[in-house]
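The values are calculated or read from the model by the stated rules, or taken from the named source; none is laboratory data. What you are looking at is a predicted structure, and each value in this text was computed from that prediction instead of being measured. Glycine gets a Cβ as well: all are built from the backbone with ideal geometry, and neighbour counts include every protein chain shown. The accessibility values were calculated without ligands, DNA or RNA, using every heavy atom of the protein model including side chains. Shrake-Rupley method; radii C 1.70, N 1.55, O 1.52, S 1.80 Å.
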Amino acid sequence: MFISTENLCITTKSLHLLNFREINIFFNKTKPKKTLMRKGIFAMKTIQISNNNTVLKLLNNNLKYEVIHDGFSWIGQGRKPFVSFNVKMFGKYLSYRLPFSCALSVKHKTTKNKIISEYSNFPVGFRILPLKLKVTAELLDDGRIDFSVESENENGMDIKAFFFPQPFNAKKYDPNESYSVDPIRQGTLIYDNWQDNRKAITLLTLYSRKINTGDAYLGLWGRVCGNHGFSAVIDDSNDCTLLSCYNKKQALLTSPKWCSQLGKVGYKRILHMHFMRDCDYVKIAKDFRKNEEKHGRLVTIDEKIKANPNVKKLIGAPIIHWRIMENNVPESGIYKKTNIGEVMHNTFEETIEKFSRYKKLGLDRAYVHTDGWGKRGYDNLHPYILPPNPKAGGYEGMKKLADYCDAIGYEFGLHDQYRDYYLDSEVYDPDKCVCNINMNKEYCDYWAGGPHNYLDSTLAKPFVERTYRELEEHGVKIKGTYLDVWGIMWGDENYNPKYMTTRHQSIAARGECFDMLRNQGLIVSSEEIGCNMVQYLDLVHHAPYAVTPQDGGPAVGVPVPLTNLVYHDCVFVPWHTEGKGGWGIPDGDAGKLHCILNGQSPYFNNSMAASGEQSDEELKQRIAETLEIAKVNELVYNAEMVNHKFLDKNRRIQQTEFSNGVKITVDFDKDTYKVE
């Protein structure tokens with residue numbers, strides 16, 4: 001319920017905290033001066049500016065805009081802009097949301113190419129915040145508009161988030177010729193009125209989706225209506241999420257929900273929008289790539305090879321995802337779900353025997369990603385898991401395996417982790433844990449090692465240094481490392497007053513660890529392809545399409561390689577290539593065809609597959625198929641993906657084109673492909 005004056009919105013949820021005298025004083029203090037009175041919260045005279053063939057209008061006090069480009073009109077629709085405040089009650093921070101227009105002072109002005117709106121004196125928690133939010137819509141060249149928010153007079157930790165601008169949609173359009181471009185995982189197109197797997201699409205509207213996670217690999221989205229469309233590119237996505245909604249015609253509309261930096265706006269937030277004719281999802285992806293180039297975040301594979309020549313060994317190399325020991329402790333969610341405890345998949349000696357067989361049957365080279373090698377097995381005791389698992393062979397066995405891999409041309413890499421901070425680790429220190437605004441430690445107990453908090457990334461480097469120093473001291477030759485989750489998790493903001501770590505600082509600290517290991521000649525990798533971390537990584541182990549459930553099911557919308565249109569020539573990405581469907585592969589699609597279409601690396605049989613049960617002839621055939629797929633990666637690994645298109649109305653025949661002229665066509669119905 002809202003009690004409102006013309007310029008005041010306040011919930012009655014906590015009115016009982018004040019007596020009537022205090023309430024009367026509050027209302028008298030916040031009564032707006034006559035010079036600030038308006039005809040209602042939203043009403044105002046339309047403000048308009050123009051540049052070449054683009055017109056920009058501000059329609060109301062709550063930041064509803066209209067853009068007319070090349071005679072085609074786009075207008076704010078769906079969820080309206082708001083500011084979410086932190087209000088401290090009973091010693092805890094709670095959130096409190098107001099429209100921008102509830103500010104007691106609202107002013108608008110124009111320059112030649114800008115509409116500037118200033119909002120100040122927000123009534124929050126029975127006090128008036130002196131905070132001023134300066135909102136600018138800047139009309140640039142043909143069809144380009146920058147929307148930005150910056151702040152003045154910030155005190156304390158008053159801001160939780162703000163949603164701006166309102167999502168844009170065409171004013172008049174045909175839903176049968178319209179779709180939204182969404183960055184969930186590799187990327188997808190959500191056509192208006194699309195009914196397949198509708199429940200999964202609806203879920204996209206129910207929560208704020210963090211960028212640099214599986215919910216949104218990229219700080220990007222777009223909308224295409226007939227021959228017109230726009231791209232929306234977040235300039236800096238470290239503190240940003242995407243918030244989506246549906247309109248009455250079932251169009252998915254998206255805009256940014258900007259999160260605070262330790263309770264403040266902190267720095268200028270910018271959204272680049274590009275309205276255009278002849279728009280499609282490829283052009284939308286390329287706008288994002290241009291912004292990455294502008295900021296120096298687009299680091300190509302060739303540049304990474306120059307920094308570390310060992311990265312060259314990934315070219316055309318199959319990826320072996322190998323497992324040593326699994327150990328789900330009784331307190332873990334995995335154990336409670338599966339009732340599986342300790343499992344020795346392969347000792348170090350058994351691994352040598354199996355790799356020897358692979359080599360004999362024709363797998364001449366590979367990159368090996370090794371899980372579960374630590375003291376108590378996979379996902380246990382981080383961030384310090386030495387010595388190597390004694391049941392698997394300890395230091396001696398691990399050194400022997402590393403030496404053998406080196407001798408046969410397999411690059412020996414490790415799975416490692418410096419975010420999950422296990423309570424039973426010998427190096428656990430509660431003071432180094434990430435804390436939220438209420439000073440509660442973030443907690444999880446689902447993964448194999450059971451209860452854990454999160455380690456502040458700025459404190460991780462000494463643990464990384466110790467691990468790889470001690471491995472070197474014991475003669476274990478490591479060629480690569482995978483620092484788990486860092487590539488696909490938001491930066492960890494820490495409100496512990498001793499550290500006060502921002503998400504920017506968290507991401508930068510992760511990057512320092514990767515750079516340190518790269519400088520030692522190691523191939524560096526992480527889990528998935530979040531945009532904030534790609535510049536630091538040589539290899540990511542997944543960049544799949546969104547399907548439900550994610551380990552196998554129907555696609556969410558129409559999958560397109562949106563992320564690869566941005567980053568194909570920047571990082572190696574392997575795909576599962578056995579059978580149809582599976583993790584991140586739409587039902588009915590052969591994984592190997594997606595790998596080939598994207599010109600990327602193939603996974604080879606791993607210890608979780610039944611390679612041990614295959615005859616030599618079956619395994620030899622599998623190796624030959626894998627090497628055939630790997631040859632495609634050799635052709636295009638350092639070439640930009642410049643185009644992707646569907647060649648039939650059912651979207652089962654697809655084609656990619658690369659900057660070196662190579663074209664790859666696949667037919668998912670016939671299970672065929674062609675490289676030209």
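Some points to look at:
- Descending by average beta-carbon neighbour count within 10 Å, the peptides 472-479, 359-366 line up as 359-366, 472-479, the highest first.
- Ellipsoid semi-axes in whole angstrom, largest first, where each is sqrt(5λ) of the Cα gyration tensor of the range 131-285: 27, 18, 13
- Cross-link partners for K649 among the lysines, with Cα-Cα distance under 18 Å and sequence neighbours closer than 8 places in the same chain left out: K670.
- Using alpha-carbon coordinates, inclination of helix 348-360 to the longest axis of the chain, degrees: 80
- Dimensionless Rg/Rh of the range 404-470 - Kirkwood Rh, Rg from C-alpha atoms: 1.11
- Range of Cα positions in the chain per principal axis (Å), largest first: 87, 57, 43
- At q = 0.20, 0.25, 0.29 Å⁻¹, base-10 log of I(q)/I(0) for the range 97-151 (Debye sum, equal scatterers on each alpha carbon): -0.72, -0.94, -1.12
- Only lysines eight or more places from K45 in sequence, or on another chain, were considered; those with a Cα closer than 17 Å are K57, K64, K107, K109, K114.
- Between the range 370-400 and the range 101-175, the C-alpha centres lie 53 angstrom from each other.
- Relative to the longest principal axis of the Cα atoms of the chain, the long axis of helix 394-408 lies at roughly 80 degrees.
- Ranked by how many other beta carbons lie within 10 Å on average, peptides 249-258, 566-575, 192-201 from highest: 566-575, 249-258, 192-201
- Among the lysines of the range 365-476, pairs at least eight places apart or on separate chains and with Cα atoms under 16 Å apart come to 6.
- Taking all pairs of distinct alpha-carbon atoms in the range 564-647, Kirkwood radius in angstrom: 13.8
- Applying the Karplus relation 6.51 cos²θ - 1.76 cosθ + 1.60 with θ = phi - 60° to the range 184-191 yields 3J(HN,Hα) values of 4, 6, 4, x, 8, 10, 10, 6 Hz, where x marks Gly and Pro.
- Counted over the range 240-280 with a bin width of 5 Å, the fraction of Cα pairs per bin, in whole percents, is 5, 15, 17, 20, 20, 11, 8, 3, 0.
- Residues whose amide H comes within less than 5 Å of that of D379, counting only those at least five positions distant or on another chain, are G372 (H built at 1.01 Å from N in the peptide plane).
- Placing +1 on each Lys and Arg Cβ and -1 on each Asp and Glu Cβ, with no other charges, gives the range 236-391 a dipole about its Cα centre of roughly 500 debye.
- Here the dipole of the chain is about 3760 debye; that uses its Cα centre as origin and unit charges on the Cβ of Lys and Arg (positive) and Asp and Glu (negative).
- Length released on extending from D667 to R127, taking residue separation times 0.36 nm less the Cα-Cα span: 188.1 nm
- The range 184-253, accessible surface, carbon-and-sulfur percent (1.4 angstrom probe): 52
- Kirkwood Rh and Cα Rg combined as Rg over Rh, evaluated for the range 122-214: 1.06
- The distance between label points at L203 and E617 comes to 4.4 nm (points 7 Å beyond Cα on the Cα→Cβ vector).
- Each part reduced to its alpha carbon centroid, the range 331-363 and the range 210-285 end up 42 Å apart.
- 3J(HN,Hα) along the range 69-79: 10, 6, x, 9, 9, 10, 9, x, 9, x, 4 Hz, from the Karplus curve 6.51 cos²θ - 1.76 cosθ + 1.60 with θ = phi - 60°, whole Hz, x for Gly and Pro.
- On a per residue basis, the chain carries 39 Å² of accessible surface, using protein heavy atoms and a 1.4 Å probe.
- If you bin all the Cα-Cα distances of the range 479-577 at 5 Å, starting from zero, the percentages per bin are 2, 12, 20, 20, 17, 13, 9, 5, 2, 0.
- Computed from the alpha carbon atoms alone, the convex hull of the range 343-437 holds 110 Å³ per residue.
- Counting only protein heavy atoms and a probe of 1.4 Å, the accessible surface of the range 498-587 is 48% carbon and sulfur.
- In the range 63-213, taking the dipole from charged Cβ atoms about the Cα centre, the farthest positive-side position among L204, P123, T136 is held by P123.
- Theoretical ellipticity at 222 nm over the chain - DSSP helices of four or more residues, -39500 (n - 2.57) apiece, nearest 500: -6000 deg cm²/dmol
- Isotropic mean projected area of the C-alpha convex hull, the range 350-506 (nm²): 9.9
- Computed 3J(HN,Hα) for the range 423-430, one whole-Hz value per residue from the Karplus formula 6.51 cos²θ - 1.76 cosθ + 1.60 where θ = phi - 60°, is 5, 9, 6, 5, 10, 5, 9, x, glycine and proline marked x.
- Added length on full extension, which subtracts the Cα-Cα distance from 0.36 nm per residue, K674 to Y246: 150.2 nm
- Tail beyond 18 Å, pair distance distribution of the range 205-310 (Cα, percent): 58
- Computed over the range 482-523: relative contact order in percent, which uses C-alpha pairs under 8 Å that are six or more apart: 27
- Straight-distance crosslink candidates among aspartates and glutamates, where the alpha carbon sits under 15 Å from K264 and sequence neighbours closer than 8 are dropped: E150, E152, E154, D158, D239, E493
- Angle between the chain longest axis and helix 281-294 axis [Cα atoms, degrees, rounded to 10]: 90
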